[in-house]
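Below is one structure, written out as structure tokens; the observations come after it.
Where a number appears in this text, it was derived from the coordinates with a stated rule and is not lab data. Model, not experiment: these values are computed from the prediction. For neighbour counting, all protein chains shown are included, and Cβ atoms are generated from backbone atoms with ideal geometry for every residue, glycine included.
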Amino acid sequence: MTPEQSGRPYAWWISRVGCWLIDAVVPAVLILVGYGIGRPTYSLETQSINGVEYQVSVASGLHPAFYVLIALAAGFTLWNKGFREGRTGKSVGKQLLGFTTLSQATGKPLGVVRATLRCVLLVVDFALCYLGVLWPLWDDKRQCLVSDKVTGSIVVGVR
């Protein structure tokens, strides 16, 4: 689907970054709070080995609250980027800024499975030294290298 067919222009790279930043706020806060509550504590202990005493730093494990909040962050991301965006074409960030993710072939939302796959593949885009997420800067359809190309998705703006 072209922008002419949808009646909407492809989203500019900086707009996509804005949507991503808004979508990242809730998971980031959950992770930071989880780490603040559950971070390990360190203490110095004296141990004796063959009559020689050593001071060693001993760390406690992470508090279970950390893992609960990490799970909540992951759950929110899957709901927002997989379920919500898959069904409506709009994550929270895209809805606030007026953008929609559509199937390039049909012009309709991707569906939950493809939107979830797109979310997972975005990690690959970042892992490629950010090349994948910078790809929309010079791509004709402003698609990310892996996540958008593999799932056949486009991000369009307001009419």
Estimated inter-spin distance, Val158 and Trp12, nm [label 7 Å along Cα→Cβ]: 1.3
What value, in deg cm²/dmol to 500, does the helix sum -39500 (n - 2.57) over DSSP H runs of n ≥ 4 give at 222 nm once divided by the residues of the chain? -14500 deg cm²/dmol
Rounded FRET efficiency, nearest 0.05, which uses the C-beta distance separating Arg87 from Val124 and R0 of 30 Å: 0.80
Under a point-charge model restricted to the Cβ atoms of Lys and Arg (+1) and Asp and Glu (-1), what is the dipole moment magnitude of the chain relative to its Cα centre, in debye to the nearest 20? 860
Using all C-alpha to C-alpha distances in the chain, build P(r) with 10 Å bins and read off the rounded percent in each one. 11, 32, 25, 13, 9, 6, 3, 1, 0
Determine ³J(HN,Hα), in whole Hz, for all residues of the stretch 78-94 in sequence, where each value follows from phi through the Karplus function 6.51 cos²θ - 1.76 cosθ + 1.60 and θ = phi - 60°; x replaces Gly and Pro. 5, 5, 5, 8, x, 6, 5, 5, x, 7, 10, x, 10, 7, 4, x, 5
Once Leu78 and Leu131 are pulled to full extension, the length gained, defined as 0.36 nm per residue separation minus their Cα-Cα distance, is 16.7 nm
One finds, for Leu21 and Ala65 with R0 = 30 angstrom and r their Cβ-Cβ distance, a FRET efficiency to the nearest 0.05 of 0.70
By how many degrees, between 0 and 90 and to the nearest 10, does the Cα long axis of helix 64-77 differ from the longest principal axis of the chain? 10
